[in-house]
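The values are calculated or read from the model by the stated rules, or taken from the named source; none is laboratory data. The structure presented is a predicted model; accordingly, all values stated were derived computationally and were not measured. Methodologically, a virtual Cβ is constructed for each residue, glycine included, from the backbone with ideal geometry; neighbour enumeration extends over all protein chains shown.
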């Protein structure tokens with residue numbers, strides 16, 4: 001496992017590495033397998049990820065726009081530059097704040113197997 005799909009020739013804004021497409025959620029793996037799953041995602045206006053549950057803690061960082069992380073008991077607004085962590089085994093969804101487009105990084109660290 002290692003990083004992929006990241007610039008090595010010059011620094012670039014992370015939000016510019018992925019484009020929103022009408023009616024879609026676009027995703028790009030930045031690292032996967034092994035110790036972490038690291039994704040960059042672009043959500044068109046009105047798009048969302050339905051409720052999911054991960055087997056590890058998941059960190060979300062909004063890189064453009066604003067998103068809502070929808071938990072069983074509350075909704076948390078996360079603005080560009082902000083981060084929010086959802087503990088393992090907590091079902092949650094991710095959607096644009098008031099239906100808007102946004103870009104977000106998702107980093108999941110699977111629980112250690114015992």
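Taking the conditions exactly as written (in contact with a strand residue (DSSP E or B) (Cβ under 9 Å, 6 or more places away or on another chain), part of a strand (DSSP E or B), without any contact (Cβ under 8 Å) to a residue 24 or more places away in the chain and on the phi < 0 side of the Ramachandran plot), does residue 49 satisfy them or not?
Considered against the rule, which asks whether it is in contact with a strand residue (DSSP E or B) (Cβ under 9 Å, 6 or more places away or on another chain), part of a strand (DSSP E or B), without any contact (Cβ under 8 Å) to a residue 24 or more places away in the chain and on the phi < 0 side of the Ramachandran plot, residue 49 comes out as no.
Being at pLDDT below 95 and either surrounded by fewer than 19 Cβ atoms within 10 Å (Cβ to Cβ) or closer than 22 Å to residue 21 by Cα (or both) is the requirement here; does residue 102 meet it?
no
What residue, among those in segment 31-77 that are surrounded by 14 or more Cβ atoms within 10 Å (Cβ to Cβ) and in contact with a helix residue (DSSP H, G or I) (Cβ under 8 Å, 6 or more places away or on another chain), is nearest to residue 2 (Cα to Cα)?
Out of the qualifying residues, it is 40.
Among the residues of segment 65-72, are any at positive phi and part of a strand (DSSP E or B)?
Yes, there is a match, as at least one residue in segment 65-72 is at positive phi and part of a strand (DSSP E or B).
Return the total of residues in segment 31-46 being assigned to a loop (DSSP other than H, G, I, E, B) and within 14 Å of the chain's Cα centre (by Cα).
Residues meeting the conditions: 3.
Can you tell me which residue in segment 1-30 is surrounded by the fewest Cβ atoms within 10 Å (Cβ to Cβ), limited to those that are closer than 30 Å to residue 112 by Cβ and over 13 Å from the mean Cα position of the chain (by Cα)?
Applying the filter and picking the extreme gives 2.
Which one of these is free of Cβ contacts under 8 Å to residues at least 40 places away in the same chain and touching a strand residue (DSSP E or B) at 6+ places or on another chain (Cβ under 9 Å): 110, 72, 91?
72
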